[in-house]
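So the structure is just underneath, and the comments pick up after that.
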Amino acid sequence: MAGRNGDLPRIGVYVCHCGTNIGGKVNVPEVVAFARTLPNVVVAREYKYMCSDPGQLLIKEDIQKLNINRVIVASCSPHLHEHTFRKATLEGGQNPYLFHMANIREHVSWVTDDPEKATEKAKAIIEAAVYRIQFHEPLESKQVPVNPDVLIVGGGIAGITAALTLANAGKKVYLVERESSIGGHMAKFDKTFPTLDCASCILTPKMTAVKDHPNIQLITYAEVLEVDGYVGNFTVKVKKKPRYVIEDRCIGCYVCVENCVYKTPKYPSEFDEGIGLRKPIYIPFPQAVPLVAVIDPETCIEFKSGRCPKKCQQACREVVGRDAIDFTQKEEILEIQVGAIVLATGFQTFDASRIPEYGYGRYPNVYTSLEIERLVNSSGPTGGEIVLRDGRKPRSVGIIHCVGSRDRNFNPWCSRVCCMYSLKLAHLVRERTGAEVYNFYIDMRTPGKGYEEFYEKLLHEGVHFIRGKVAEVTDWTINPEEAGRLVIRVEDSLIGVVRRIPVDMVILSVGLEPRADAEELRRLFNISCSAEGWFLERHPKLAPVSTYTDGVFIAGACQGPKDIPDTVAQAGAAAGEVLSLVDRGFIELEPNIAVIDARKCSGCHVCIALCPYSAISFNETENVAQINEALCKGCGVCVGACPSRAIHQQLFKDEQIMAEIEGLLMVE
Amino acid sequence: MEYFYYPGCSLKGTGASYEKSLLEVFALLGIPMKELPDWNCCGATSYMSIDEEVALAMAARNLAIAEENGRDVIAPCSACYMVLRKTQKYMKEYAHIRQSILNALKKAGLTYHGDRVRIRHPLDVLVNDVGIAEIRKRVQRSLNGVRVFPYYGCLIVRPKNGFDHATYPTSMDRLLEALGCEVIDHPLKTKCCGGSLTGTLEEVGMRLVYILLKEAKKRGSHAIATVCPLCQFNLDAYQEKVEKIYSESLGIPVMYFTQLLGYALGAEDSHLGLEQHIVPVQEVFEMVR
Amino acid sequence: MIPIQRTIKYESDLDHAFREKIMSVQGCENIWSCIQCGQCSAACPLSIYMDYTPRKIIAMTREGFREEVLSSRTIWLCASCYACAAYCPQNVNITEIMYALKRYAIEEKKYPKNFPIPELAKAFFTYVKTHGRNAEFWVVFNVWRRVAVFKLLKMLPLGWKLLTRRRLPLRRDRIQNTRQLKTILSNLNGEA
């Protein structure tokens, strides 16, 4: 059997034991002996770990000494080591695309119970590879330059950290934030666990640094609309919503807010989780970055009726002399060119009203943990005083863990941060009110540096820990001690007795979940989500901030529930990945792209409409379709769709696939 | 849509006024409904404790009869409603049960295909098919000012994923509001009424009845509205006994939601079985007459 | 003197096949998923009367405490309201597990004697199986006649009230086609 390109194929087959991963199930010596009998196989070997240096050396030596010109490694998924072995083939002196990988781990040993069947299946897969590789041709990969600028989506602690790291390394960074200020969830917190340092004390300097950094262009109150292009060369459209205040002119002096026709704040403040109120013109919080007012058109009289005396505008013009308020401001579309993207879009908290048994929304003194964060915050609506809705101080407080988490009716996962933030809130409530505090938990999970010590500290502070998932928070009371209070009904599962515990305040430790629009974002950036809806990393251990789309990285809680230390670590990792990409200056494109035979193309346009990457355009002068090699991802849609069979895909040519099938069917 | 009506044993006995008022309400709304021919007992909750296959087979006979005539079944008793739905689910999900029961049905000259017949609770039909807006339009006598304590009991919303929330349902609340009632929000909507324990473990059963009656009274209810014959029976028939045990006067009328609806739609009192209750209910209507 | 009891459990005291047996019953599959959070026990309206809370019953069943589980009062106090199953975060259908345990307890005659709950279930079962319908009066009458005759006297006033309000029919209702029902029940796989 002669290869396509004239030379006689001389095939080397290398079967990997992968420790016991493959060797424990597949009879490797038998497979190797079988491989030796296959056409054009010159050498077949086995090795404990083919990916190790000595393993790779086998390939290089055989190429040089035995004139091997086709290499097959039967081991794990190409996803893991295709690159390793292609490189070994190249270093041995052969074109790296004269290599093929046969997956006998994920496809065989891990999923087959019977060793005999596994061995037979491994043989079939290797035979398929041997048949296929006869038709492999040398291919060249192309290089394209990388734009060193970076887009970061989301201005929470993850986005801020990544932006500063990259900007400090000299990269131009565009930081896009949906809200009118950066800071994210962390800006709402009072203290951070386990060290209890003040959240704004550590966050605010970073927010200011973002604003002042010459390499960072901060785009707030904005959303990404469109993403085009590919790794190294993305074009991103960003919609900047009108805030009706000109950013460059506003100095954040609050004069407009003070002069608003509303004498007192009337509408629930989003930043204060509805616990505090704001006016239609407002600055979300005193440390906001940028410190610029924003007008909410839903509540502003001018937008509702057009008949407002516009005292804010007048004051800005006459008192401050800035004339920053512009009721005619329109949304703006910006176009940005970048080489890499970091998504740091964060999370949302579970909507506690989905569990009516806990009474959130029905009983005024049932709060979410995020509301309590605002309540205990010294810059919050009560100045940090912990009081009930009617102003009384609570004498006893129940903190219910796992609200919406570890529950298949809602979110099955553990949200990771709730145990610790519940401990933190327990500490703050006890410290500031002296109330009896009850924690209701299923399992205490404190697996971080210094976290267990914090739990220990709380035990010493006299906080109650009751192991049991609360069934209900109720105003059904049965004795004078309970009258007028909320009652928590729970099984104290360590004692085995059902208890009713009357409290004045209930804190629901709501879990973390993917943002409602995570799916939309995923499509926009062409990445994947896990079944739960979190952005999916390329590898859970070895590529935790990469995605399956080159050039798009993820950091922080958009990838899964995470506390601040882990989020910051991931943001740093994402920045590092970006640097290693853009500092190389170019990227190599896989040659497994589609190729159009211009002589066969009938110019029917079918492929153009189908291409998901807009990689195909129409050449009007030649009257044929043509493929942009940099944009083609090698998905094969056009190949299958072309009615003239004018398109083929490199590494997936018909003859290669047919030979592979033939080989697969040879083993009985 | 024409329906079969599956009374179950209770509506022919202790729940007689439920049957009367239900038939009256459906007639007034022009929804055709007739009794399922030669229906047999659903097996209730007790049957499952003895032999589940027999229990399911008994219930399946009713499903087969309904299917033969191609009509959906309205099951007003919560236990019947739950058991018939469970039977459908089990026949669909468990092959060994399906095969055994289908074979037995076949020997008895019956067939059953599965999803052709839907099991409905009248509250579901009224709220979701007829619709609150339509019912509001049909109200002839508003129950304005009547403070009603809606009590759903357990099985109408169990197992979960039924037509309303499994622990905090709101269908009846919305229906009663449409009639002009002042509906009392409370956390005991689906708390157990004691079920058959009132007859077997009196101390426990009476305590559960007391909890509900006491809370209804505390919240200033003029009446409790129920959707289940066993709930109604427990709260009505044992009320005097509970008053004695706990030395507390309660005197809360316990009505079927269909009686309140029937009254609002203009039905005559005699068509609603009002006189069959042990705690007198007429005074509720005196308030609005 | 305070009586002292030794409560240690040896592996040989336990029946580790028990959990497989229960798990193989339809509806009881998810018993593995239980994380022992106790929400079932807290939601249960009757757990406060039980010798073991529902959560404990699940743990004991999984660990093979067969004797304790089958002779417990808990399983008979379960009113089958499905509150536990509605609340359970792991979709364990505790009510169905209680049913399965009740059936085993009856099969193995482990249920507490002179306890009216299983007696009512049995009386109801027998009556309906032959008549096709329940007759509330006769079923209750038969149970208490066996368990405690004096209770019948105490029930008289309520019975009279119901009777006069046409809520307690004394006739023994039955379906027309009892033969059909009998054919069905005698052709089930599980039937002897």
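The values are calculated or read from the model by the stated rules, or taken from the named source; none is laboratory data. A quick note: this is a predicted structure, and the numbers were derived from the prediction, not measured. A quick note on method: Cβ atoms are made from the backbone with ideal geometry, for glycine too, and the neighbour counts reach across all protein chains shown. Note: accessible area is taken over every heavy atom of the protein model, side chains too, but ligands, DNA and RNA are not part of it. Shrake-Rupley method; radii C 1.70, N 1.55, O 1.52, S 1.80 Å.
Computed from phi, the 3J(HN,Hα) profile of the range B:29-42 under the Karplus parametrisation 6.51, -1.76, 1.60 (θ = phi - 60°) reads 8, x, 9, x, 7, 9, 5, 4, x, 6, 4, 10, 4, 6 Hz, with x in place of Gly and Pro. From the largest down, chain B spans 56, 45, 31 angstrom on the principal axes of its Cα atoms. For chain A, the alpha-carbon radius of gyration amounts to 1.19 times the rule-of-thumb value 2.2 N^0.38 Å expected for a compact globular protein.
Tilt of helix A:199-212 relative to the longest C-alpha principal axis of chain A, in degrees (0 to 90, nearest 10)? Helix A:199-212 sits roughly 60 degrees off the main axis of chain A. Alpha carbon centre of the range A:516-531 versus the range A:368-396: separation in Å? Computed from Cα coordinates, the inter-centre distance equals 36 Å. Debye-formula intensities of the range C:13-107, expressed as log10 I(q)/I(0) at q = 0.13, 0.14, 0.16, 0.20 Å⁻¹, are -0.35, -0.41, -0.54, -0.89 (one equal scatterer per alpha-carbon, no solvent). Once you list every other residue whose beta carbon is under 14 Å from the beta carbon of A:N619, what net charge do they have if Lys and Arg are +1 and Asp and Glu are -1? The answer is -2. For B:S49, the accessible surface of its heavy atoms amounts to roughly 10 Å² (probe 1.4 Å, protein chains only, rounded to the nearest 10).
Pairs of Cα atoms under 8 Å, at least six residues apart: use those to get the relative contact order of the range A:593-649, whole percent. 47 percent.
In this entry, the range A:146-296 is assigned a mean projected area of 10.3 nm², taken as a quarter of its C-alpha convex hull surface. In the protein assembly as shown, taking the dipole from charged Cβ atoms about the Cα centre, the farthest positive-side position among B:V148, A:V26, A:V42 is held by B:V148. For B:K217, the aspartates and glutamates whose Cα comes closer than 15 Å to its Cα, not counting residues fewer than 8 places off in the same chain, are A:D475, B:E182, B:D185, B:D236, B:E240, B:E243, B:E248. A simple charge model with +1 on the Cβ of Lys and Arg, -1 on the Cβ of Asp and Glu and nothing else charged puts the dipole of the protein assembly as shown at about 3400 debye relative to its Cα centre. Loop-located trypsin sites (Lys or Arg not before Pro) in the range A:392-454 (DSSP state other than H, G, I, E, B) with a sparse environment of at most 13 neighbouring Cβ atoms within 10 Å: A:R392, A:R408, A:K449.
Positive end of the dipole of the range C:9-73 (Cβ unit charges, origin at the Cα centre): among C:F18, C:Q36, C:S47, the Cα lying farthest that way belongs to C:S47. Considering only alpha-carbon pairs that sit under 8 angstrom and 6 or more positions apart, the relative contact order computed for chain B is 21 percent.
What shape does the range B:132-286 take by its C-alpha gyration tensor, where a ≥ b ≥ c are the square roots of the eigenvalues and a/c under 1.5 counts as rounded, a/b above b/c as prolate, and the rest as oblate? Here the range B:132-286 falls in the oblate category. Our summary gives chain A a relative contact order of 13 percent, counting only alpha carbon pairs under 8 angstrom and 6 or more residues apart.
Residues in the range A:593-649 average 56 Å² of solvent-accessible surface per residue, probe 1.4 Å, ligands and nucleic acids excluded. Within a straight-line Cα-Cα reach of under 18 Å, A:K393 can be paired with the following aspartates and glutamates, leaving aside sequence neighbours fewer than 8 residues apart in one chain: A:E371, A:E373, A:E385, A:E431, A:E436, A:E481, A:E482, A:D504.
Per residue of chain A, the DSSP helices (runs of n ≥ 4 H) give a summed -39500 (n - 2.57) that works out to -8000 deg cm²/dmol at 222 nm. A simple count of charges around C:I97, restricted to other residues whose Cβ falls under 12 Å of its Cβ and scoring Lys, Arg +1 and Asp, Glu -1, yields +4.
At a 1.4 Å probe, what is the % contribution of carbon and sulfur to the accessible area of the range B:14-86? Answer for the range B:14-86 is 50 percent, counting heavy atoms of protein chains only.
Compute the accessible area of each residue in the range B:152-180 twice, once for its chain alone and once with every protein chain present, using a 1.4 Å probe on heavy atoms, and list those whose area falls by at least 40 Å². Output list: B:R158, B:K160, B:T167, B:Y168. Note on chain A: with charges restricted to the Cβ of Lys and Arg (+1) and Asp and Glu (-1), its dipole about the Cα centre is near 920 debye.
Over the protein assembly as shown, the alpha carbon radius of gyration divided by the compact-protein estimate 2.2 N^0.38 Å works out to 1.13. Tell me which of A:G448, A:P356, A:I372 sits at the most positive position along the dipole axis of the range A:348-513, charges placed on C-beta atoms (Lys, Arg +1; Asp, Glu -1). Positive-most Cα among the choices belongs to A:G448. Report which residues of the range A:357-390 become buried by 20 Å² or more of accessible surface when going from the isolated chain to the complete set of protein chains (1.4 Å probe; DNA, RNA and ligands ignored). So the qualifying set is A:E357, A:R362. In terms of its alpha-carbon gyration tensor, the range A:255-320 comes out oblate; a/c meets the 1.5 threshold, while b/c is at least as large as a/b. Here is the list for the range A:530-573: chymotrypsin sites (Phe, Trp or Tyr not before Pro) lying in DSSP coil, each with at most 15 other C-beta atoms within 10 angstrom of its C-beta, are A:Y548.
Close Lys pairs in the range B:3-120, defined as Cα atoms under 26 Å apart and 8 or more places apart or on different chains, number 13. Does anyone have the angle between helix A:115-133 and the longest principal axis of chain A? Alpha-carbon axes, 0 to 90°, nearest 10? For helix A:115-133, the angle is close to 70 degrees.
Seen through its C-alpha gyration tensor, with square-root eigenvalues sorted a ≥ b ≥ c, the range A:358-504 comes out rounded because a/c lies under 1.5. Between the helical axis of C:94-107 and the dominant principal axis of chain C, each derived from Cα atoms, what acute angle in degrees is found, rounded to the nearest 10? Roughly 70 degrees between the two axes.
Taking a sphere under 14 Å around the Cβ of B:K92 and counting the other residues whose Cβ falls inside, with K and R at +1 and D and E at -1, yields a net charge of +3. About its Cα centre, the range A:255-320 has a charge dipole of approximately 360 debye under the convention of +1 per Lys or Arg Cβ and -1 per Asp or Glu Cβ, with nothing else charged.
Of the GluC sites (Glu not before Pro) found in the range A:250-338, those in coil by DSSP whose Cβ has at most 12 other Cβ atoms within 10 Å are A:E298, A:E331.
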